[in-house]
Amino acid sequence: MRKKATRNGHCRIVLTGGPGGGKTTAADLFRREMGDRVAMVPEAATMVFTGGFPRVHEPLAVHAAQRAIYHVQRNLEDVQAALFPDRVLLCDRGTVDGAAYWPGESDGFFEELETSLDEELQRYDAVIFFESAAVGGMGIEGGNPIRNETQEQAVQLDRGLYSLWSRHPRFILVPHNPSFFKKISFALAVLEGIVTELQCAHDAAPPRQGRRRPKPRR
């Protein structure tokens, strides 16, 4: 039986949304501003596709790629949590994202990976959703070189991701704005508030007792 998708007591914030939402730019600016209060978890999909996985549309190939991305995402989060135990993790996308890219119903994604939407949402303390510029009819060219979605596909992905992530109890929408500066400024203010809230809650929590070592056998 596969291990449940738990947070292991580490504060994690997901930055997600449709292609061309500005989440990666916001994350980089916030990391520079906040310094050692946060640690970034880079986008797993970018690592997988730039590392040699072909980005094609044949369903079985997409299934294979999304399975790989899911496991890379989980392990990237665990690595960063181990390296930076006292920081809040900012995750550039999360384990739920693959369900929106999965051919067919999203339930098939969770069944294939022996998990559930609820289990994956529980991995994270907050979700900040960057609505795609495509929703406002603006172009999404530039930025990530592996992005190959059309304007229409970007809108569909945005809606699919919103449908999944909006079920999180601490879900915050960063809506499209014709002014990218205003959108990013709003997002940075939201991020600062959430990070401060999570750090205060984490600091106030009683320390967990360590596990006792078993007595050696004679």
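Take Thr150 and Met47, extend 7 Å from each Cα along the Cα→Cβ direction, and tell me the distance between the two endpoints in nm.
Result: 3.2 nm between the two label points.
If you line up the Cα atoms of segment 12-203 on their principal axes, what length do they span on each, largest first, in Å?
On the principal axes, segment 12-203 reaches 46, 38, 31 Å in Cα extent.
Using modelled backbone amide H atoms (1.01 Å from N, in-plane), which distant-in-sequence or interchain residues come within less than 5 Å of Gly21's amide H?
When sequence neighbours closer than 5 places are left aside, the close amide H contacts are Ala133.
Kindly write out, for segment 159-176 in residue order, the coupling ³J(HN,Hα) from the Karplus curve 6.51 cos²θ - 1.76 cosθ + 1.60 (θ = phi - 60°), rounded to whole Hz, with x marking Gly and Pro.
5, x, 5, 4, 4, 7, 6, 5, 7, 6, x, 10, 10, 10, 9, 9, x, 4
Quick one: what are the phi-derived ³J(HN,Hα) couplings along segment 44-55, Karplus 6.51/-1.76/1.60 with θ = phi - 60°, whole Hz, x for glycine and proline?
Here the 3J(HN,Hα) series is 5, 4, 4, 5, 5, 6, 6, x, x, 5, x, 9 Hz.
Each residue of segment 23-38 in order: what ³J(HN,Hα) in whole Hz does its phi give by Karplus 6.51 cos²θ - 1.76 cosθ + 1.60, θ = phi - 60°, with x for Gly and Pro?
5, 5, 4, 4, 4, 5, 5, 5, 4, 5, 6, 8, x, 7, 7, 10
Suppose the chain between Leu173 and Glu58 were pulled fully straight at 0.36 nm per residue; how much longer would it get relative to their current alpha carbon spacing?
Contour length minus the Cα-Cα distance gives 38.2 nm.
Skipping prolines and chain starts, which residues have an amide H placed within reach, meaning under 5 Å, of the one on Met40, given they are 5 or more residues away or on another chain?
Leu90
Only the coordinates and a few stated rules stand behind these numbers; no lab work does. This structure is a prediction, so every number in the text was calculated from the model and none was measured. As a convention, Cβ positions derive from the backbone with ideal geometry for all residues, glycine included, and neighbour counts pool all protein chains shown.
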